[in-house]
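K.L.:
Encoded as structure tokens, here's the structure I'll be asking about.
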Amino acid sequence: MKDTVLYFVLPCYNEEEVLPETAKRLFAKYNKLLRANKISDESRILFVNDGSSDRTWEIIKKLHEWNPAFSGLSLSRNRGHQNALLAGLMTARKYCDISVSMDADLQDDIEAVDEMIAKYEGGCEIVYGVRNSRKTDTKFKRGTAGLYYRLLEKMGVNIVDNHADYRLMSRRTLNALAEFKEVNLFLRGIVPMIGFKTDVVYYERGARFAGKSKYPLKKMLAFAFEGITSLSIVPIRIITNLGVGVFLVSIVLLIWGIVQKIRGATVAGWSSLIVSIWAVGGMILLSIGVVGEYIGKIYLETKGRPRFIVDEFLNDGKKKTDGL
Ligand code: UDP
Ligand code: MG
């Protein structure tokens, strides 16, 4: 389909080490798709600079000057992977028929794009890239990720297993995504809510070929927590159930105490008393904390702050008008 305008969307945070190589490989892919008449020459490779402090934006600017196939969007400051990706997608939807999002380190195999486009041509509107194996991830990351996906499932969150943010989305689904106004953003959980015809494509995930991961453990944990609390209210329910459970236990203890009293047995238990005070106190604090987490989210959502602010946009593509 010669007329299909494809936008690759890649969030970049301090990626000066990988960008030149990424650009080279993507450009080769872009040209191949062009020659095969799969995409139109209005297609672009859109790099989103997520407030990098290194030369990332300079490199993107140079690429754009060198060839208009490269487009750049620069955010006013670092807003994190999910917001940067959203910024890219929300900008791309004004120009493209389909977007393909991926990480700037090309850990996702770009060859899988062919199959994604084929599925799109077959009528799919969202095509998820799914990792065949996680060989290149550390054992720790693999184990925790597996557990985490199970946990999310248990909490009623519908996500695609082993899918990161490598996916094809049609213009229609991007417009639908724009209707989700939440500030607390976990795209992997939101996209499946959109619906339409979807499919998956499998690929091998490689190792980052240069630079360091921009997801240290702390960010990863925050991201995981975000995933649960922005999509599920099950933790609050667990607390309610816990509260009921603790209350029932205390009633049993009360009855037991009365029985002991009637039987004339002396109360020996200073230690058991102090232990239960601490246990219950701890549980209450924990519960307040989790509830507070949700209230914090509500607070942020009610403010309706913008999720990203664009500083600069380099692109000379043709804007589409429908649906906007
Ligand atoms: N990223 C971003 N903003 C951030 C952190 C990361 O835009 O604050 C981008 C990063 O440049 C990369 C993608 O998100 O393109 C995924 O990050 P990374 O490859 O470091 O994560 P990992 O693969 O180690 O989970
Ligand atoms: Mg990576």
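The values are calculated or read from the model by the stated rules, or taken from the named source; none is laboratory data. What you are looking at is a predicted structure, and each value in this text was computed from that prediction instead of being measured. So basically every Cβ, Gly included, is an ideal-geometry build from the backbone, and we count neighbours across all protein chains shown. Just the protein is used for accessible areas: all its heavy atoms, side chains included, with ligands, DNA and RNA removed. Shrake-Rupley method; radii C 1.70, N 1.55, O 1.52, S 1.80 Å.
K.L.:
What do you get for trypsin sites (Lys or Arg not before Pro) in segment 146-183 restricted to DSSP loop and a cutoff of at most 15 other Cβ within 10 Å of the site's Cβ? Intermediate results must be reported in sequence, preceding the final value.
P.N.:
Details: sites: Arg150, Lys154, Arg167, Arg171, Arg172, Lys181; in loops: Lys181.
Taking segment 146-183 and a limit of 15 other Cβ atoms within 10 Å, the loop trypsin sites (Lys or Arg not before Pro) found are Lys181.
K.L.:
Further, regarding this structure: Can you send over the solvent-accessible area of Tyr120, 1.4 Å probe, protein chains only, in Å² to the nearest 10?
P.N.:
50
K.L.:
Further question on the same structure: Ordering Met283, Met193, Met116, Met155 by how much accessible area each has at a 1.4 Å probe, largest first, what is the list? Each step should come with its number before you reach the end.
P.N.:
Working: Met283 60, Met193 110, Met116 0, Met155 30 Å².
Sorted descending by solvent-accessible area, the residues read Met193, Met283, Met155, Met116.
K.L.:
List, in the order given, every pair from Lys24/Lys219; Lys2/Lys94; Lys29/Lys62 whose Cα-Cα distance in the structure shown is over 22 Å. Don't skip to the end; give the middle numbers.
P.N.:
Numbers: Lys24/Lys219 29 Å; Lys2/Lys94 19 Å; Lys29/Lys62 19 Å.
From Lys24/Lys219; Lys2/Lys94; Lys29/Lys62, over 22 Å: Lys24/Lys219.
K.L.:
Sticking with this structure for a sec: With +1 assigned to the C-beta of every Lys and Arg and -1 to the C-beta of every Asp and Glu, and no other charges, what is the dipole magnitude of the chain about the Cα centre in debye, to the nearest 20?
P.N.:
760
K.L.:
Taking GluC sites (Glu not before Pro) as exposed when DSSP calls them loop (any state but H, G, I, E, B) and at most 12 other Cβ atoms lie within 10 Å, what is the longest stretch of the chain free of them, the sites themselves excluded?
P.N.:
Longest gap between qualifying sites, sites excluded: 180-324.
K.L.:
How would you classify segment 98-166 from its alpha-carbon gyration tensor, with a ≥ b ≥ c the square roots of the eigenvalues: rounded for a/c under 1.5, else prolate if a/b is greater than b/c, otherwise oblate? All intermediate terms of the calculation are to be shown ahead of the outcome.
P.N.:
Numbers: a/c = 2.72, a/b = 1.44, b/c = 1.90.
Oblate.
K.L.:
Among Thr22, Ala112, Cys96, pick out the residue whose Cα is farthest towards the positive end of the charge dipole of segment 1-148, where Lys and Arg carry +1 and Asp and Glu carry -1 on C-beta, about the Cα centre.
P.N.:
Value computed over the given set: Ala112.
K.L.:
Identify, among Ile309, Ser272, Val252, the residue whose Cα sits farthest towards the positive end of the charge dipole of segment 252-311, taking +1 on the Cβ of Lys and Arg and -1 on the Cβ of Asp and Glu, with the dipole about the Cα centre.
P.N.:
About the Cα centre, the residue reaching furthest to the positive side is Val252.
K.L.:
So which chymotrypsin sites (Phe, Trp or Tyr not before Pro) in segment 170-269 are both in a DSSP loop and have at most 16 other Cβ atoms within 10 Å of their Cβ? Let's see the in-between values first.
P.N.:
Details: sites: Phe180, Phe186, Phe196, Tyr202, Tyr203, Phe209, Phe223, Phe225, Phe247, Trp256; in loops: Phe180, Phe186, Phe196, Phe209.
Taking segment 170-269 and a limit of 16 other Cβ atoms within 10 Å, the loop chymotrypsin sites (Phe, Trp or Tyr not before Pro) found are Phe180, Phe196, Phe209.
K.L.:
Another one. Could you give the dipole magnitude of segment 1-151 about its Cα centre, charging the beta-carbon of Lys and Arg +1 and that of Asp and Glu -1, in debye to the nearest 20? List each step's numbers first, then the result.
P.N.:
Working: 23 positive and 22 negative charges, 76 e Å.
Dipole of segment 1-151, to the nearest 20 debye: 360 debye.
K.L.:
Just name one of His81, Val290, Phe186: the one whose Cα is farthest towards the positive end of the charge dipole of the chain (beta-carbon charges, Lys/Arg +1, Asp/Glu -1).
P.N.:
Val290
K.L.:
I'd like the distance between the alpha-carbon centres of segment 45-123 and segment 226-247, rounded to an integer number of Å.
P.N.:
For segment 45-123 versus segment 226-247, the Cα centre distance is 37 Å.
K.L.:
A follow-up question, please. Once every Cα of the chain carries one equal point scatterer and solvent is ignored, give the base-10 log of I(q)/I(0) from the Debye formula at q = 0.11 Å⁻¹, two decimals.
P.N.:
With no solvent term, the Cα-only Debye profile gives -0.74.
K.L.:
What ranking of Lys297, Lys61 comes out by heavy-atom accessible area, probe 1.4 Å, highest first? Display every interim value, and only then the final one.
P.N.:
Numbers: Lys297 25, Lys61 70 Å².
Sorted by accessible area, descending: Lys61, Lys297.
K.L.:
So, with +1 on the Cβ of K and R and -1 on the Cβ of D and E, and no other charges, what is the size of the charge dipole of segment 180-219 about its Cα centre, to the nearest 20 debye? Display every interim value, and only then the final one.
P.N.:
Details: 9 positive and 3 negative charges, 66 e Å.
Result for segment 180-219 is approximately 320 debye, rounded to the nearest 20.
K.L.:
Can you put Tyr294, Tyr299 in order of accessible area, largest first, using a 1.4 Å probe? Kindly include the intermediate steps, with their values, before the conclusion.
P.N.:
Details: Tyr294 25, Tyr299 130 Å².
Sorted descending by solvent-accessible area, the residues read Tyr299, Tyr294.
K.L.:
I've got another one for you. Between Ile277 and Val290, what length comes free when the chain is fully extended (0.36 nm per residue of separation minus the Cα-Cα distance, one decimal in nm)? Walk me through the numbers on the way to the answer.
P.N.:
Details: separation 13, 0.36 × 13 = 4.68 nm, distance 2.00 nm.
Contour length minus the Cα-Cα distance gives 2.7 nm.
K.L.:
Taking the Cβ of Ser170 as the centre, find all other residues whose Cβ is under 10 Å away and add up their charges (Lys, Arg: +1; Asp, Glu: -1). Display every interim value, and only then the final one.
P.N.:
Numbers: positive: Arg93, Arg171, Arg172, Lys197; negative: Asp97, Glu125.
That works out to +2.
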